[in-house]
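Here's the structure we're looking at; comments come further down.
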Amino acid sequence: QVQLVESGGGLVQPGGSLRLSCAASGSIISINAMGWYRQAPGQERELVAGITSGGSTNHADSVKGRFTISRDNAKNTVYLQMNSLKPEDTAVYYCNADVTFFPFRSSREFWGQGTLVTVSS
């Protein structure tokens, strides 16, 4: 009933920038918190940044000052602006959203399919 579709990944040189987008669609009543996670080969999935429905944000220490999460509630879309990219940022990035959807009252988490970000010269 709910899908999260990510876009914006690709290959970028160190120091470059990318903007990831994640659009939610389906029988959505409301979207609460949204976030971005990433997983590098051989690593555990980690939280990169989160944002509440009101726009309050939290960023992992490793990306503070470089990445910025934002959202457009009218479009049910969350973004991750990534600047000053480093090779260590290379990972599959996943969108996550806590969604209340028809016909249920309580919310549950949904995940995007993931988009690959490769930072290399």
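Please give me, ordered by residue number, the trypsin sites (Lys or Arg not before Pro) of the range 46-121 that lie in loop per DSSP and have at most 15 other Cβ atoms within 10 Å. Intermediate results must be reported in sequence, preceding the final value.
Values: sites: K64, R66, R71, K75, R105, R108; in loops: K64, R66, R105.
Those satisfying the criteria are K64, R66, R105.
Pick out, in residue order, every one of the chymotrypsin sites (Phe, Trp or Tyr not before Pro) in the range 65-104 that is DSSP loop and has at most 15 other C-beta atoms within 10 Å; say none if there are none.
On the way: sites: F67, Y79, Y93, Y94, F101, F104; in loops: F104.
Counting only loop positions with at most 15 other Cβ atoms within 10 Å, the chymotrypsin sites (Phe, Trp or Tyr not before Pro) in the range 65-104 are F104.
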Out of residues 5 or more away from R71 or on other chains, whose amide H comes under 5 Å of its own, with H placed 1.01 Å from N in the peptide plane?
-> Y79
Show the residues, 5+ positions off or on another chain, whose built amide H is closer than 5 Å to the amide H of V48.
-> W36, Y37, R38
Would you kindly state how much longer the chain becomes between R45 and Q113 on full extension, computed as 0.36 nm times their sequence separation minus their alpha carbon distance, in nm to one decimal?
-> 23.1 nm
Backbone N under 13 Å from the N32 label point (7 Å along Cα→Cβ), restricted to the range 90-121 | 97-101, 105-110
For the range 1-89, which whole-number percentage of the solvent-accessible area (1.4 Å probe, protein heavy atoms only) is attributable to carbon and sulfur atoms?
-> 44
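Using only C-alpha positions, report the orientation-averaged shadow area of the convex hull of the range 59-121, nm², one decimal.
The Cα convex hull of the range 59-121, projected and averaged over all directions, gives 5.5 nm².
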Would you mind telling me which residue in D61, D98, D89 has the biggest mean-square fluctuation in a Gaussian network model of the chain, where springs connect alpha carbons within a distance under 10 angstrom?
-> D61
Using θ = phi - 60° and the Karplus form 6.51 cos²θ - 1.76 cosθ + 1.60, what ³J(HN,Hα) does each residue of the range 77-83 get, whole Hz, x for Gly and Pro?
-> 10, 10, 10, 9, 8, 10, 10
Compactness of the chain, expressed as Rg and Dmax over alpha-carbon positions, Å | 14.2, 49
Rounded to whole Å², per residue accessible area for the range 58-121 with a 1.4 Å probe reads 53
Whose amide H sits under 5 Å from the amide H of S53, counting only residues 5 or more places off or on another chain, with H placed in the peptide plane?
-> A33
Accessible area, 1.4 Å probe, largest first: how do W111, W36 sort?
-> W111, W36
Hey, rough spin-label estimate for S7 and R66, points 7 angstrom out along Cα→Cβ, what's it come to in nanometres?
-> 2.6
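The values are calculated or read from the model by the stated rules, or taken from the named source; none is laboratory data. Just so you know, these numbers come straight off a predicted model, no measurement behind them. Positions of Cβ are backbone-derived with ideal geometry, glycine not excepted, and every protein chain shown enters the neighbour counts. Remember, those area values only see protein heavy atoms, side chains included, never the ligands or the DNA or RNA. Shrake-Rupley method; radii C 1.70, N 1.55, O 1.52, S 1.80 Å.
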